[in-house]
Amino acid sequence: MAQPVVPAMQCQVGARGKAAVRARPAGAGGRVWGVKRSGRGTSGFKVMAVSTESTGVVPRLEQLLNMDTKPFTDKIIAEYIWVGGSGIDLRSKSRTLSKPVEDPSELPKWNYDGSSTGQAPGEDSEVILYPQAIFKDPFRGGNNILVICDTYTPAGEPIPTNKRHRAAQIFSDPKVVDQVPWFGIEQEYTLLQTDVNWPLGWPVGGYPGPQGPYYCAVGADKSFGRDISDAHYKACLYAGINISGTNGEVMPGQWEYQVGPSVGIEAGDHIWISRYILERITEQAGIVLTLDPKPIQGDWNGAGCHTNYSTKSMREDGGFEVIKKAILNLSLRHDLHISAYGEGNERRLTGLHETASIDNFSWGVANRGCSIRVGRDTEAKGKGYLEDRRPASNMDPYVVTSLLAETTILWEPTLEAEALATKKLALKV
């Protein structure tokens, strides 16, 4: 496992009667912690930890948070993480393991009170956590881990908010396995000022200048929240997430990161754990994270989760014909996909701000105003991938990725429906 990303513990020790640390008063810009031992039988030493603002000594609380336990014990901390009752919130709790582990099969199942997360009634509240994927913990460092879990009744039945179970079934279908589905997911999010529910960098109750200067911008008057984005980027790399990039978005205070290419169920695991890490970082920074697909009404871009997708057949010579067949299938199940692509998406998919209308399916080459976009490079090479631009920022990646695989690999339309869709979309399949 990698070394911890935290510094070693420090403290100031001095003999009684000698000046140990001169600390500024508590009200003068930093907290002061002091421990003084005196009386018969004591060593006569005192230990003080003070704010870095006053002396540069690491605060006592920070020392303990940053402590590397590896030299003292083989035990590790595992943070079990699961999706809560809303289907978008994340919950977690910690447990001690006797030694480091490398595979989820080595981890014990656990349980929690589902009545407190909206996932079980009070009279039968136990929900069981099944560990499914392991990541290194960028917050605790060392051999400590983050564990993605899905959720079951004591009888072993997946509860309604467990979307991973059905996704795993689809991705284990031999036809899907043979096609090695790749996903590249573009997760957009918005940072809000604490307590005022207003984007970071915006004047409270007011608006910044119009969109235009903020996309991929630099400068204190155009880029808000870069440290959070960069901290998240590094934490994801440390954790083992297949994060591939990040950038500032069109609306100020909004950012995007990309995860992939990921194969099958891994795409959902990596997006959920990356969201957890982002929630933890914004928690520490005192900033509110929202995945609302349209956090600010008016002439401002919404937040999506564009999903790039390909199969083995799409990536091989002649793949553009396979892509067009996939687009045809997607058009015939447009309503089903829209219903599964995130809450509040109707506020985002208006036909404006680089979106297609939620009511109509469309596709095009290099057209960001379509439901499905095909890149110029894919058209030129005759093979590649498609981009589904419909998913909202709060979509469930298990649902979106498995539904794309099901619709384009497992599902077959009637000949009549296929003929009508081919004509309507001007697709020569």
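The values are calculated or read from the model by the stated rules, or taken from the named source; none is laboratory data. Please read all numbers here as calculations on a predicted model, not as lab measurements. Neighbour counts are summed over all protein chains in view; Cβ atoms, including those assigned to glycine, are modelled from backbone coordinates with ideal geometry. Areas reflect the complete protein model, heavy atoms only, side chains present, ligands, DNA and RNA absent. Shrake-Rupley method; radii C 1.70, N 1.55, O 1.52, S 1.80 Å.
Under the rule of at least 5 residues apart or a separate chain, name every residue whose amide H is placed under 5 Å from the amide H of LEU90.
Counting only residues 5 or more places away or on other chains, the set is GLY84.
If you take the beta carbon distance between GLU321 and CYS216 as r and set R0 to 41 Å, what does 1/(1 + (r/R0)^6) give as a FRET efficiency, to the nearest 0.05? Mind showing how you got there, number by number?
Numbers: r = 35 Å, r/R0 = 0.84.
That gives a FRET efficiency of 0.75.
To make sure I understand the rule: partners must be aspartates and glutamates, Cα under 13 Å from the Cα of LYS109, and not fewer than 8 residues away in the same chain. Which ones qualify?
Correct list for LYS109: GLU79, GLU126, ASP150.
For ARG376, put the label point 7 Å out on the Cα→Cβ axis and report which residues of region 314-341 keep their amide N under 20 Å from it.
Taking a point 7 Å out along Cα→Cβ of ARG376, the residues of region 314-341 whose backbone N falls under 20 Å are 320.
How large is the convex hull of the Cα atoms of the chain per residue, expressed in Å³ as a whole number?
On the way: hull volume 83.8 nm³, N = 429.
Enclosed volume per residue, from the Cα hull, is 195 Å³.
First compute the accessible area of the chain with a 1.4 Å probe, then give the percent of it belonging to carbon and sulfur atoms. Spell out each step's value before the answer.
Numbers: 10530 of 20510 Å².
Here it works out to 51 percent.
Out of every Cα pair in region 72-161, what percent are spaced more than 22 Å from each other?
Working: 1132 of 4005 pairs.
The calculated P(r) of region 72-161 puts 28 percent of pairs beyond 22 Å.
Could you tell me what percent of the DSSP beta bridges with both partners in the chain are antiparallel, to the nearest 5? Let's see the in-between values first.
Working: 60 of 67 bridges.
Percent antiparallel among DSSP bridges in the chain is about 90.
Over 18 Å between Cα atoms, which of LYS222/LYS294; LYS312/LYS383; LYS325/LYS424; LYS325/LYS423; LYS325/LYS383 qualify? Show your work: numbers first, answer last.
Numbers: LYS222/LYS294 20 Å; LYS312/LYS383 10 Å; LYS325/LYS424 13 Å; LYS325/LYS423 13 Å; LYS325/LYS383 13 Å.
Among LYS222/LYS294; LYS312/LYS383; LYS325/LYS424; LYS325/LYS423; LYS325/LYS383, the Cα-Cα distance tops 18 Å for LYS222/LYS294.
Using a probe radius of 1.4 Å on heavy atoms only, what accessible surface per residue do you get for the chain? Whole Å² is fine.
Details: 20510 Å² over 429 residues.
I get 48 Å² per residue for the chain.
What order do THR311, THR422, THR96 take when sorted by accessible area (1.4 Å probe), most exposed first?
Details: THR311 5, THR422 35, THR96 90 Å².
In descending accessible area the options line up as THR96, THR422, THR311.
Given a Förster distance of 35 Å, report the FRET efficiency between SER125 and THR194 from their Cβ-Cβ distance, rounded to the nearest 0.05. Numbers along the way, then the final one.
On the way: r = 32 Å, r/R0 = 0.91.
Approximately 0.65, to the nearest 0.05.
Place the peptides 219-227, 267-275 in order of packing, highest mean first, counting for every residue the other Cβ atoms within 10 Å and averaging per peptide.
On the way: 219-227: 14.6, 267-275: 24.1.
Descending packing order for the listed peptides: 267-275, 219-227.
Between ASP89 and ASP113, what length in nm is gained on full extension when 0.36 nm per residue of separation is reduced by their alpha carbon distance? Walk me through the numbers on the way to the answer.
Values: separation 24, 0.36 × 24 = 8.64 nm, distance 1.54 nm.
Between ASP89 and ASP113, full extension yields 7.1 nm more.
Starting from the Cα of ARG368, step 7 Å along the direction of its Cβ; do the same at GLU346; then give the gap between the two resulting points in nm.
Inter-label distance under the simple model: 2.6 nm.
For region 358-411, what class follows from the C-alpha gyration tensor (a ≥ b ≥ c being the square roots of its eigenvalues): rounded when a/c is under 1.5, otherwise prolate if a/b is larger than b/c, else oblate?
Numbers: a/c = 1.98, a/b = 1.35, b/c = 1.47.
In terms of gyration-tensor shape, oblate.
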